[in-house]
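**Q** Below: one structure in structure tokens.
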Amino acid sequence: MGLIAKVATVVLAISLMTFVAFFGRLPALRRTPIAWMYRAIWVHIPNAVLALDQALTGGRIIASAGAFGHSVWYGRHPTVLIFYILLLAVGEILYLPGAWPRLSRFHQVAGAIAIILPYVFLYLAAYSDPGVITAATHTHYMSLYPYDFTLFHPGQECRTCKILKPPRSKHCAVCKRCVARLDHHCVFINNCVGYGNQHWFLLLLLSTAVLTTYGGVLGLRMISENAQTRSSLFSLWKHRQQTWHHYFILLSYGIQKDAGVGSVTLLAIMTSPLVWGLLGYHIYLIYCGTTINESMKWQDWQAEMTDGFAFRRRLPVQRNRNPQFEANWTRWPVEPAQILVRTEDGELPNDMALPGEGSWERVWHLRDMENIYDIGFWDNLVDIFVPNHSFRAEPQADLEGGKRPKHKKTKA
Ligand SMILES: [Zn+2]
Ligand SMILES: [Zn+2]
């Protein structure tokens, strides 16, 4: 069991690190052990090392390593991208020599496609423009979405880029640039995931999920065949007559007979649910018509609402737009119907300059707000996979100024 134990430990460690790196910062997992582990690995342990160094050497070791460490954790660098490519490549180098001759022609062709696609989508996700907002692209990105007067208000400027923030855009602190519909900065692709490349990112997740599942299932079949050369009674679903002891001896024989196929199969089987989980999370966000960035903003709003500091009122249908701060026309089919603001003291807003009409009303729940960026699952998908698709007719024909949202509820 020596080799098996070592392989299992390495596989477990890699899976755990990948899992924590993947999921640790997801807002949905904020109060779970995964987020604690992420903080332990990326915040508390580094802080403890820092404190220890401070106590022992007055901080000299860290000071010399500091610039390097800072650029590794906060800079834009391809370390994790390279780790990911190595994980794929080394896995394939270990797996293929033993597995390839045993595959049917069909699985050889399908397998070759499954192997190539993640590299293709990785390249496209990493090297295409995520939607960087420059003077040249600013007008275009202003015309994609209207301001929702909830998460995004007109007239806000990026302090670093000194440009008016288009609706749904965010400044990426790692890349130091504003990106249209920024979802998050992804260390696996060493690029932001935004309006321009989110479809490539999703296809990267899908192709990686398919690859790990496919490789894992084929590998399990080969492990099972290996074990059957020892005992024809073996099957992956343990027979009732067979003891666990006997089952594990045969299984570990099956893994060790080709350690390359065996270890990569274990890794694939363990990481596959993580990748599917991550893909599922992103599809859920698309279903909600939101992004990771926006779902965090919604969570902040929920906290304000719980405290009773959030207020809303109607926005007129025929609203006068300030052409200095808002695009005259957007291709989006929904216009905001209300404005949401917070006050410092929990009293009704008294700023006369705030847009809207009628009296202010305290909001207690997110479900009482609408998300104008959610236009139904299918159209949300179209918005991601068909860049610049226009969801309504050209300005001349559009006399109503957009229709009111169909969806009353915020799913996020
Ligand atoms: Zn910026
Ligand atoms: Zn970035």
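The values are calculated or read from the model by the stated rules, or taken from the named source; none is laboratory data. Computed from a predicted model, the values in this text were never measured in an experiment. Cβ placement follows ideal geometry from the backbone for every residue including glycine, while neighbour counts extend to all protein chains displayed.
**Q** Can you list residue pairs whose Cβ atoms sit under 7 Å apart, with the first residue in region 45-60 being assigned by TED's automatic domain parsing to the domain that holds Ala35 and of a type in the set (Asp, Glu) and the second being part of a helix (DSSP H, G or I) and surrounded by 12 or more Cβ atoms within 10 Å (Cβ to Cβ)? Count only pairs 6 or more apart in sequence or on different chains.
**A** Asp53/Ile61; Asp53/Ile62
**Q** Still on this model: Taking the conditions exactly as written (in contact with a Ser or Thr (Cβ under 6 Å, 6 or more places away or on another chain) and crowded, with 24+ Cβ neighbours inside 10 Å), does Gly215 satisfy them or not?
**A** So Gly215 fails the test.
**Q** In addition: Which residue pairs have Cβ atoms under 7 Å apart, sit 6 or more places apart or on different chains, and have a first residue in region 182-197 that is of a type in the set (Asp, Glu) and a second that is assigned to a loop (DSSP other than H, G, I, E, B) and modelled with pLDDT of 90 or more?
**A** Matching pairs, first to second residue: Asp183/Gly194; Asp183/Thr291.
**Q** Same structure again: Could you tell me whether Ala35 is modelled with pLDDT of 70 or more, assigned to a helix (DSSP H, G or I), in contact with a helix residue (DSSP H, G or I) (Cβ under 7 Å, 6 or more places away or on another chain) and more than 23 Å from Thr212 (Cβ to Cβ)?
**A** Considered against the rule, which asks whether it is modelled with pLDDT of 70 or more, assigned to a helix (DSSP H, G or I), in contact with a helix residue (DSSP H, G or I) (Cβ under 7 Å, 6 or more places away or on another chain) and more than 23 Å from Thr212 (Cβ to Cβ), Ala35 comes out as yes.
**Q** Now, a different point. Just one of the numbered conditions (1) within 27 Å of Ile189 (Cβ to Cβ); (2) more than 22 Å from the chain's Cα centre (by Cα); (3) within 14 Å of ligand 1 (Cβ to nearest atom); (4) buried (at least 18 other Cβ atoms within 10 Å of the Cβ) is not true of Gly111; which one?
**A** (3)
**Q** Report, by residue number, each residue of region 303-317 that is farther than 20 Å from Ser359 by Cβ and either of a type in the set (Asp, Glu) or assigned to a loop (DSSP other than H, G, I, E, B) (or both).
**A** Answer for region 303-317, where residues must be farther than 20 Å from Ser359 by Cβ and either of a type in the set (Asp, Glu) or assigned to a loop (DSSP other than H, G, I, E, B) (or both): just Asp307.
**Q** Hey, among Ala180, Ala173, which residue is surrounded by 24 or more Cβ atoms within 10 Å (Cβ to Cβ), of a type outside the set (Val, Ile, Thr) and within 16 Å of ligand 1 (Cβ to nearest atom)?
**A** Criteria check complete, one pass: Ala180.
**Q** What pairs come out if I take residues in region 216-243 that are touching a residue at least 12 places away in the same chain (Cβ under 8 Å) and polar (S, T, N, Q) and pair them with residues that are exposed (fewer than 13 other Cβ atoms within 10 Å of the Cβ) and not in a helix (DSSP H, G or I) whose C-beta lies under 7 Å away, six or more apart or interchain?
**A** That search, which allows pairs on different chains as well, returns Ser224/Leu236.
**Q** May I pose another question? Can you give me the number of residues within region 325-354 that are part of a loop (DSSP other than H, G, I, E, B) and either touching a residue at least 60 places away in the same chain (Cβ under 8 Å) or within 14 Å of Phe152 (Cβ to Cβ) (or both)?
**A** 12
**Q** Of the residues Leu29, Leu96, which is under 22 Å from the mean Cα position of the chain (by Cα) and modelled with pLDDT of 70 or more?
**A** Leu29
**Q** Leu236 versus (1) outside any loop (DSSP other than H, G, I, E, B); (2) over 19 Å from Gln338 (Cα atoms): which is the lone unmet condition?
**A** Condition (1) is where Leu236 drops out.
**Q** Taking region 1-26 as the search range and keeping residues that are in a loop (DSSP other than H, G, I, E, B) and surrounded by 13 or more Cβ atoms within 10 Å (Cβ to Cβ), which one is modelled with the highest pLDDT?
**A** This residue is Gly24.
**Q** Which condition breaks for Gly215 when tested against (1) more than 16 Å from ligand 1 (Cβ to nearest atom); (2) within 21 Å of the chain's Cα centre (by Cα); (3) modelled with pLDDT of 95 or more?
**A** All conditions are met except number (2).
**Q** Something else now. What are the residues in region 146-170 that are within 14 Å of ligand 1 (Cβ to nearest atom), surrounded by fewer than 18 Cβ atoms within 10 Å (Cβ to Cβ) and not β-branched (Val, Ile, Thr), if any?
**A** Gln156, Glu157, Cys158, Arg159, Lys162, listed by residue number.
**Q** Another question about this same structure. Looking at this structure, is Cys192 within 16 Å of ligand 1 (Cβ to nearest atom) and under 24 Å from Ile82 (Cα atoms)?
**A** When the stated conditions are applied, Cys192 passes them.
**Q** Are any of the residues in region 309-327 aromatic (Phe, Trp, Tyr) and over 19 Å from Lys170 (Cα atoms)?
**A** Looking for residues that are aromatic (Phe, Trp, Tyr) and over 19 Å from Lys170 (Cα atoms), one finds at least one in region 309-327, hence yes.
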